[in-house]
There are 2 protein chains.
Amino acid sequence: MNVLITGGCGFLGARLARTLLAGGPLALAGGPAKDIARITLADRVPPPADLAADARVQFVQGDLYEQAANGALPLADTDAVFHLAAAVSGECEADFDLGMRSNLDTTRALLDACRAAGHAPVFVFSSSVAVFGDSPEQRLPAVIEDTTLPTPQNSYGIQKFIGEQLVADYTRKGFVQGRNVRLMTVSVRPGRPNGAASSFLSGMLREPLAGVRARCPVAPETPVALASPGNTVAGIVRAATATAAEWGARTAINLPALTTTVREMAQALERVAGAEATALIDWEPDAAIAKIVTSWPSRIHAARAEALGLKADASFDAILRDYVRENAQAVTLPLKG
Amino acid sequence: MNVLITGGCGFLGARLARTLLAGGPLALAGGPAKDIARITLADRVPPPADLAADARVQFVQGDLYEQAANGALPLADTDAVFHLAAAVSGECEADFDLGMRSNLDTTRALLDACRAAGHAPVFVFSSSVAVFGDSPEQRLPAVIEDTTLPTPQNSYGIQKFIGEQLVADYTRKGFVQGRNVRLMTVSVRPGRPNGAASSFLSGMLREPLAGVRARCPVAPETPVALASPGNTVAGIVRAATATAAEWGARTAINLPALTTTVREMAQALERVAGAEATALIDWEPDAAIAKIVTSWPSRIHAARAEALGLKADASFDAILRDYVRENAQAVTLPLKG
């Protein structure tokens with residue numbers, strides 16, 4: 001079996017590749033389980049060293065829109081596409097045309113390339129909880145269901161929601177076997193801060209654990225809906241293995257999320273690394289970031305995902321302990337217990 | 001004030017043009033009322049004679065995508081765009097690429113042309129009740145609200161729903177003042193049958209009134225949600241005059257619909273034109289058409305439209321009497337009462 005991961009050299013794409021490579025035979029859409037012969041990573045940047053060293057990993061470097069439009073992707077013998085590549089929310093707000101090209105045109109070109117391949121590959125589309133946005137004109141319900149009407153409040157959310165519609169119709173037409181999956185805010189992300197408004201939801205843990213000061217720009221009582229990297233990848237893989245009947249409607253499913261607060265995240269940090277760690281958090285409100293973060297939903301009833309056996313992370317303590325175990329080289333503070 | 005109507009020579013576009021030309025000064029989006037100096041009709045086919053003879057009417061013939069992309073539309077001094085042009089559902093199912101071009105690419109090109117004009121014209125987008133579709137995987141609720149999640153079951157519905165998202169985001173960005181309006185099934189349409197599955201919902205009245213046999217391909221108890229041509233145009237005009245505050249959320253509003261049944265429609269025909277008329281209806285079920293028609297919602301709670309002062313037609317008798325009065329030349333049967 002051959003797999004294509006777009007954005008495959010990013011944090012989530014690389015983790016997905018490692019999970020698939022380590023996971024043994026995979027049963028796509030309820031079909032027979034098969035070993036993974038090849039994973040193609042399509043990205044602008046080269047893969048991490050461990051993936052580059054794996055003989056099963058192929059790397060196709062370049063602009064995904066051009067790759068999809070020009071036949072540079074090995075779709076003729078690809079069984080499953082995981083489409084993770086995207087311009088992020090901040091980029092899309094700053095450069096409208098960039099977002100339309102990277103998220104809308106590229107998704108459509110990739111779907112058209114799959115259609116041209118002619119064998120209806122499994123197509124997992126990583127949508128986002130960012131399709132939901134609260135606004136004075138239209139309040140979000142207290143709890144988000146799979147059937148809640150998305151009301152995106154930024155271009156990234158609009159483009160992701162349009163992508164869901166394309167995947168749904170290309171699936172109905174038999175061009176792909178689409179699986180629309182809405183990812184929650186992923187925390188704790190390793191590595192460096194990025195331009196996303198949600199960046200601090202990883203940074204306020206990751207930086208103090210490395211002995212570095214970090215800013216929390218929202219009030220401690222701010223509720224947030226999170227999923228760990230491992231749980232997020234588990235949801236993406238489960239989307240690919242579900243049969244059409246298990247999957248059900250072509251509309252997107254919300255992945256499960258742990259509802260917590262920024263205060264509880266800081267308390268978990270103190271339990272793991274002591275007051276020395278939480279003393280490194282600067283509680284400095286930023287109205288612009290707070291406006292974005294508080295527009296996101298914090299309570300998700302992920303009924304369809306749960307019916308597929310997916311669960312929210314048990315606690316933020318568990319998420320944080322996973323991070324510490326998986327990223328020991330990035331943790332310099334002494335840990336407790 | 002200058003107006004552009006795409007699909008302006010079609011049945012609804014021409015009726016909208018006549019309504020605007022006869023209606024006196026228009027207050028767009030709550031602004032000052034102004035006389036209409038020019039209505040540009042963009043279409044592939046020429047306008048009806050009465051519109052062609054009006055000095056205020058300009059006709060731009062051609063393919064709308066090319067017109068929008070090539071600067072052939074007079075957007076620099078256009079105050080309001082009514083975007084009615086579309087490939088219909090049957091065409092979009094038969095030719096996927098045609099539908100994507102006519103409905104998605106053309107809507108985007110028209111929005112981009114408005115954006116390039118730089119003065120954020122009012123942009124009324126005619127979406128459709130076809131964004132709602134019942135399926136075994138996802139049942140529609142008994143009553144459709146403005147906040148009901150659309151689950152399109154055909155490409156036309158998907159493309160209209162994507163158009164709504166584009167209009168919403170171009171509005172949020174300040175490129176246009178968008179108004180997403182979902183039209184109900186329009187009955188009684190004058191003229192000839194077309195390829196739409198809903199065509200019989202006009203034909204089973206119009207043809208018998210002209211002394212011609214007509215087929216009803218669904219069971220008499222089939223519920224349907226209808227709006228008269230006049231009420232539909234009233235909804236489109238109201239969308240253009242509503243202030244941003246009156247309009248509210250950038251998501252689409254459902255126009256009001258009269259819920260009736262095919263049997264009640266035939267009974268209304270009998271009251272207007274006697275048993276001689278209803279004897280011309282052939283009740284011959286067609287499973288393919290019935291499948292499509294019964295997937296549509298029949299009960300619409302159009303809360304936002306009602307808050308704007310819009311109402312469903314009072315009865316199908318009233319709709320039918322309007323048709324007879326407005327289309328006397330097409331009615332050959334003697335009328336009762």
## Note on the structure
So, with points 7 Å from each Cα along the Cβ direction, the B:LEU335-B:GLU137 label distance in nm works out to 4.8 nm
### Task
Can you spot the lysines whose alpha carbon is less than 29 Å from A:LYS34's alpha carbon? Ignore those fewer than 8 places along the same chain.
A:LYS173, A:LYS311
### Query
Under a plain spin-label model, where a point goes 7 Å from the Cα along Cα-to-Cβ, how far apart in nm are A:ASN327 and B:LYS311?
6.2 nm
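Remind me, what semi-axes does the stretch A:1-51 give for its equivalent ellipsoid, largest first in whole Å, using sqrt of 5 times each Cα gyration tensor eigenvalue? Display every interim value, and only then the final one.
Numbers: eigenvalues 88, 22, 15 Å².
One finds semi-axes of 21, 10, 9 Å for the stretch A:1-51.
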#### Entry: Residue range of chain B that is longest and free of GluC sites (Glu not before Pro) which are both DSSP loop and sparsely packed (at most 15 other C-beta within 10 Å)
B:1-136
### Span per principal axis, largest first, for the Cα atoms of the stretch A:123-222 (Å)
53, 33, 21
#### Entry: Degrees separating the helix A:106-117 axis from the principal Cα axis of chain A, which is the longest one
30 degrees
### Task
Using only Cα atoms, tell me the angle between helix A:229-241 and the longest principal axis of chain A; keep it within 0 to 90° and round to the nearest 10.
20 degrees
### Message
Report for the protein assembly as shown the percent antiparallel among DSSP-assigned beta bridges with both residues inside it, nearest 5.
### Response
20 percent
### Query
What gaps in nm, shortest first, separate B:GLU137 from its twins in the other copies when you place the label 7 Å past Cα toward the beta carbon?
3.1
### Summary
Scattering profile of the protein assembly as shown from the Debye formula, Cα beads only, expressed as log10 I(q)/I(0) at q = 0.08 Å⁻¹, is -0.66
### Message
What does the extension gain come out to for B:PHE96 and B:ASP63, with contour length at 0.36 nm per residue minus their alpha carbon separation?
### Response
10.1 nm
### Task
Report the calculated FRET efficiency for A:ALA116 and A:ALA33 (r = Cβ-Cβ distance, R0 = 45 Å), to the nearest 0.05.
0.95
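For the stretch B:224-267, which semi-axes, largest first and in whole Å, follow from the square roots of 5 times the eigenvalues of its Cα gyration tensor? List each step's numbers first, then the result.
Working: eigenvalues 156, 26, 6 Å².
Taking √(5λ) for each eigenvalue gives 28, 11, 5 Å, largest first.
Once you have the alpha carbon radius of gyration of chain B, what is it after dividing by 2.2 N^0.38 Å, with N set to its residue count?
Taking N as the residue count of chain B, the ratio is 0.97.
How many percent of DSSP beta bridges within chain A run antiparallel, rounded to 5? Can you show the working numbers first?
Values: 7 of 40 bridges.
Here the share of antiparallel DSSP bridges comes out near 20 percent.
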### Query
To the nearest 10 degrees, how steep is helix A:316-326 against the longest Cα principal axis of chain A, on a 0 to 90 scale?
70 degrees
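Report relative contact order for chain B in percent, whole number only (criteria: Cα-Cα under 8 Å, sequence separation at least 6).
It rounds to 17 percent for chain B.
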### Query
Once the principal axes of the Cα atoms of the stretch A:190-260 are found, what is the range along each, listed largest first in whole angstroms?
49, 25, 20
#### Entry: Binned Cα-Cα distances of the stretch A:6-96, short to long, each 5 Å bin given as a whole percent
3, 12, 23, 23, 19, 12, 5, 3, 1, 0
### Query
Using only Cα atoms, what Kirkwood radius does the stretch A:115-160 have, in angstroms?
12.6 Å
### Task
Using all C-alpha to C-alpha distances in the stretch B:269-322, build P(r) with 5 Å bins and read off the rounded percent in each one.
4, 13, 13, 15, 19, 20, 9, 6, 1
## Note on the structure
Extension length gain for B:PHE11 and B:GLU276 (0.36 nm per residue less Cα distance), in nm, is 92.6 nm
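Any read-out appearing in this document is the output of simple, stated calculations on the displayed coordinates, not a laboratory observation. For clarity, every value in this text was computed on a predicted model and none was experimentally measured. Heads up, the Cβs are rebuilt from the backbone with ideal geometry, glycines too, and the neighbour counts pull from every protein chain shown.
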